[in-house]
Amino acid sequence: MIHASICTIGDEILIGQIVDTNSSRIARALGEAGIQTTRMLSIGDRRDDIIDNLRNELKINDIVLSTGGLGPTKDDITKAALATLSGSRQYVEHAGQLAIIHAFLHARGLDVLDINRAQALVPDTCEVIENKLGTAPVMVFRFPAEVFGHPAVLYALPGVPHEAIGAVPDILADIRSHFRTESIVHRNLMVFGLAESALSKKIAPWEDSLPEGMHLAYLPNMLTGVRLRLSLYGCTPEEGNARIQAEIDRLKPILGDLIYSETDDTLENAVGRLLKTSGKTLSAAESCTGGNIAHMITSVPGSSAYFLGSVTSYAVSVKEQVLQVPAETIERYGVVSAEVAAAMAEGVRKLTGSDYAVATTGLAGPGDDGTHPVGTVWIGVAGPHRTETETKVYHNDRIRNIERFTAAALDFLRKNIEKDLSI
């Protein structure tokens, strides 16, 4: 198995000024190519730190990919650090990258300055993969076994995300021409409704019986649930998928409708697929979620095929006058109640003519109503066969509560649609 490390270079990452998206996207591409990422590391803009950290990574990995620090300004010092690390004696001009720089700047009506030409200068110890999307080339440094105890390759990429990711196919082609890669097969199951610890306890016997060499990872997210990732190394894709599928088939009866997808997915996507394939439509009536359910539903491309609209009925008067929630229902049971959630769902379903409707009413906080704790939500789902409600209580701040209310509502809606489709 080929092992790789991904290093991001730049103070802007360490101080939180920008978010590193390169590492996750590169790691995914490496995994799909049969290369195991063992470490991700962020390094500041200090020459000695760059050299020391990259040297350490090259000692324990076959491949190191660095991003950042290759720009034209004085704070971009990665190239100089790499020259020292590789024992370069001089810089040489790469004609192909220089031509790209000229074309790149002229297309934007800009003059080619000396500072721009300097980006085509590379240490004489490296090979170049031309960057067709920008001005800084990818530099490839190959180290023989006697340097780090094994052959190692360092790929230095620009930090601009679309340039870094755009270079990955060429880098993978280079890796394949110098290394023998093995397949890594990953499969995902999305589970909602159990915390990571409770899920682990529920599936412990199944997990303990997994075949040798098959690995399970728990990846929790309060908005999408727990992603269970099954991995198998050193096999063909066909063999790996077949072996993993056999274990998934054993797990399904244990988890039942807690599983909402067999791919890396979201609840809004899962709901959208159910509605689209069944030809059904949806509307929403939201109080405590303030339109967030509608936002999540409409974030899915093509949602106009099934989502008709929503009412953000924050005020009691809107619940009564627009959604036709009876005033006596609110007076008797309170705004935060199963009865009001059900009436809101039925009201917006009738108002829009949708097949399904989902509604929320609750307390996102801060401050309670004297009856219910902060973090209480009642969810109503009205459909062609029945109206159902459920309640949840979360213990987060206002924003997190709204997000969790939304996720719970989408999951409750998903289960109700699935129940109807199985009739």
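The values are calculated or read from the model by the stated rules, or taken from the named source; none is laboratory data. Nothing here was measured: the structure is a model prediction, and the numbers come from that model. When we count neighbours, we look across all protein chains shown, and the Cβ atoms used for this are built from the backbone with ideal geometry, even at glycine.
Return yes or no: is Asp49 of a type outside the set (A, V, I, L, M), under 28 Å from the mean Cα position of the chain (by Cα) and either more than 19 Å from Ile26 (Cα to Cα) or in a loop (DSSP other than H, G, I, E, B) (or both)?
Details: of a type outside the set (A, V, I, L, M): yes; under 28 Å from the mean Cα position of the chain (by Cα): no; either more than 19 Å from Ile26 (Cα to Cα) or in a loop (DSSP other than H, G, I, E, B) (or both): yes.
Answer is no for this residue.
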For this session: Please indicate, with yes or no, whether at least one residue in segment 25-35 is in contact with a helix residue (DSSP H, G or I) (Cβ under 6 Å, 6 or more places away or on another chain), at pLDDT 95 or above and not in a helix (DSSP H, G or I).
Result: no
Exercise. His106 fails exactly one of the following numbered conditions: (1) under 35 Å from the mean Cα position of the chain (by Cα); (2) farther than 22 Å from Ser177 by Cβ. What is the number of that condition?
Worked result: (1)
Exercise. Picking from Thr289, Thr281, Thr277, which residue would you name as being assigned by TED's automatic domain parsing to the domain that holds Val311 and free of Cβ contacts under 8 Å to residues at least 40 places away in the same chain?
Worked result: Thr277
For this session: Report, by residue number, each residue of segment 363-401 that is part of a strand (DSSP E or B) and either modelled with pLDDT under 95 or surrounded by fewer than 15 Cβ atoms within 10 Å (Cβ to Cβ) (or both).
Result: Val393
Exercise. Taking Leu323 and the conditions (1) out of contact with any Asp or Glu (no Cβ under 6 Å at 6 or more places or on another chain); (2) touching a residue at least 40 places away in the same chain (Cβ under 8 Å); (3) crowded, with 16+ Cβ neighbours inside 10 Å; (4) part of a loop (DSSP other than H, G, I, E, B), which numbered condition does it fall short on, given that it satisfies the others?
Worked result: (2)
For this session: Return the total of residues in segment 112-170 being among the basic types (Lys, Arg) and closer than 14 Å to Gln97 by Cα.
Result: 2
For this session: State yes or no: is Ile6 part of a helix (DSSP H, G or I) and β-branched (Val, Ile, Thr)?
Result: no
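In segment 326-357, what residues are basic (Lys, Arg) and either surrounded by fewer than 19 Cβ atoms within 10 Å (Cβ to Cβ) or not assigned by TED's automatic domain parsing to the domain that holds Val311 (or both)? Before the answer, list the steps.
Our first condition is that a residue be basic (Lys, Arg); within segment 326-357, this holds for 332, 349-350.
Answer for segment 326-357, where residues must be basic (Lys, Arg) and either surrounded by fewer than 19 Cβ atoms within 10 Å (Cβ to Cβ) or not assigned by TED's automatic domain parsing to the domain that holds Val311 (or both): Arg332, Lys350.
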